Structure formats: C-alpha cells, structure tokens
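Notes follow once the structure below has been shown.
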Amino acid sequence: MAGMERRAPSSRAKGDAVLPRASGVTVRPAVVADVEAMAEMINAYAARGEMLPKSLNQVYQNVRDFVVAEQAGRLIGCGALHVLWGDLAEIRSLAVEEAFRRRGIGSQIVSVLLHDARELGLPQVFALTFKPEFFQALGFRVVDRESLPRKIWVDCIDCVRFPQCDEVAVILDLEVVT
Ligand SMILES: CC(C)(COP(=O)(O)OP(=O)(O)OC[C@H]1O[C@@H](n2cnc3c(N)ncnc32)[C@H](O)[C@@H]1OP(=O)(O)O)[C@@H](O)C(=O)NCCC(=O)NCCS
C-alpha cells in the first residue's frame, strides 16, 4: 500500500505566488503515534468550518483508514479511505497543513488512497467536501448528494451540521484491478 515516496504533480499554484512543489514528502499508512497530530490538524480546520471535526476516539478507532504525509519526520497532511460497502468507499478527513497547501500534497494523499481503493476492488470512491474544485482537479465529478446510497447518511445523522449541511458530493469511478 502506501509508503513509497511519491512525486508531486508538476502543476503550479494559482495566484501571484508560485509555490515550490513540496519535495521529500512521503505518504505512508498512519500509526497510533500519529493520531494526536492528525486530530489536531483536522480539528483546527474544523474550528474554521473548513471540515468536520473528529474526536480522538474516532481517529483511533479508524486509524487503519488513514495515511499521513510527512516531510523530514514532520506530519504535514492526512487523509482516510473508509469502506462503506462492496461498491463504495469515502475519502474523509483530508487535511494538509496550511503552510504546505497548493504544493501537490493533498493530491499525493488522494492518489495513495485511490491506489488502496483499487487494490481493494472498489469501483467507486466519493467525498463530501467544501472544496469540490480540489477533487474535480483529480477527476472527480460533482453529483447530487441525494443520488448517493442511504448508507452514507449513517454518519451524517451524528454530525452537528445535520440536516443543514452544505457539503458537495463528488465521485470518481475506478478501474478495478483484477
Ligand atoms: C483541500 C486540501 C486538502 C488540498 O490540499 P493541497 O495539498 O493544498 O492540494 P494540491 O496542492 O494537491 O492541489 C491540487 C489542485 O487542486 C486544486 N485546488 C486545491 N485547493 C484548492 C482550493 N482551495 N480552491 C480551488 N482549487 C483548489 C488546484 O487545481 C490544485 O492545483 P494547483 O495548485 O496547481 O492549481 C487543503 O487545501 C486542505 O487541507 N484544506 C483544508 C481542509 C479541507 O478543506 N479538506 C477537504 C475536506 S474533504
């Protein structure tokens, strides 16, 4: 699965500043020692309304879903692939530390999670996100949230935003490895 160093895409950041692509970034499976740092990063963004909060308990219980991006031993990003059914998985809790954004790290994390999804034989991966543009840049398409199967709403019911959620659903069809 994850663990190898992955080259950042060659595209450049938008806006006036041209940020260098991050080098020496490794994406690897998370271990329990990463949990506090992951929860801190996720909840810092959640406090700003950019993503949904996660308790330490939730991150520990789902630690096998997560990969982390690190540079020189420092955790600078994370993301999770959560299998919901035989034909569907969700990308969750994707976060890249502020100073490292727009350097291809989020794309690296998603690429590792999609690799895992293919290896598991999953034909589709979706995300609920406030940043559809990021996922669209990776080939996901925006779909009506109501078109997603009911089982995805199990977690939503516990969310503080339910039922007034303004997250956008994006989905990607995968070529299954046989
Ligand atoms: C969304 C997030 C994970 C993206 O990570 P990242 O490392 O900055 O993304 P990348 O550098 O790989 O971006 C790849 C492409 O996605 C698009 N993109 C990324 N962030 C974008 C944004 N905020 N707005 C519009 N397009 C964006 C761009 O096309 C970008 O390519 P470019 O920089 O060459 O123009 C990061 O911004 C983040 O942690 N945000 C806060 C938490 C969050 O919103 N998580 C997603 C919830 S599911």
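The values are calculated or read from the model by the stated rules, or taken from the named source; none is laboratory data. Since the structure is predicted, the reported quantities are computational estimates derived from the model, not experimental observations. Here the Cβ is made from the backbone with ideal geometry for all residues, glycine too, and neighbour counts use every protein chain on show. Note: accessible area is taken over every heavy atom of the protein model, side chains too, but ligands, DNA and RNA are not part of it. Shrake-Rupley method; radii C 1.70, N 1.55, O 1.52, S 1.80 Å.
So here's what we get for this one:
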{"quantity": "Failed item in (1) open to solvent by less than 30 Å² (accessible area, probe 1.4 Å); (2) within 12 Å of the ligand (Cβ to nearest atom); (3) modelled with pLDDT under 90, with LYS14 passing the rest", "calculated": "(1)"}
{"quantity": "Per-region count, segment 157-178, residues at pLDDT below 65 and open to solvent by less than 50 Å² (accessible area, probe 1.4 Å)", "calculated": "1"}
{"quantity": "Scan of segment 99-112 for residues that are more than 8 Å from the ligand (Cβ to nearest atom) and not small (Gly, Ala, Ser), ordered by number", "calculated": "VAL112"}
{"quantity": "Failed condition for ALA72, given (1) within 14 Å of the ligand (Cβ to nearest atom); (2) exposed (fewer than 15 other Cβ atoms within 10 Å of the Cβ); (3) aliphatic (A, V, I, L, M)", "calculated": "(1)"}
{"quantity": "Qualifying residue in segment 19-33 (condition: exposed (fewer than 13 other Cβ atoms within 10 Å of the Cβ), at negative phi and modelled with pLDDT under 50)", "calculated": "no"}
{"quantity": "Residues located in segment 40-63, provided they are within 20 Å of ILE105 (Cα to Cα) and away from the ligand (no atom under 14 Å from the Cβ)", "calculated": "VAL63"}
{"quantity": "Single unsatisfied condition, ALA127 versus (1) under 18 Å from GLU167 (Cα atoms); (2) surrounded by fewer than 20 Cβ atoms within 10 Å (Cβ to Cβ); (3) near the ligand (Cβ under 10 Å from one of its atoms)", "calculated": "(2)"}
{"quantity": "Count - residues of segment 49-62 that are modelled with pLDDT of 95 or more, surrounded by fewer than 16 Cβ atoms within 10 Å (Cβ to Cβ) and not polar (S, T, N, Q)", "calculated": "2"}
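Here is a yes/no grid of residues against (1) at pLDDT below 95; (2) surrounded by 15 or more Cβ atoms within 10 Å (Cβ to Cβ); (3) of a type in the set (Val, Ile, Thr):
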site: CYS78; (1), (2), (3): no, yes, no
site: TRP85; (1), (2), (3): yes, no, no
site: ALA89; (1), (2), (3): no, yes, no
site: GLU97; (1), (2), (3): no, yes, no
site: HIS115; (1), (2), (3): no, yes, no
site: GLY121; (1), (2), (3): no, no, no
site: ARG141; (1), (2), (3): no, no, no
site: GLU146; (1), (2), (3): yes, no, no
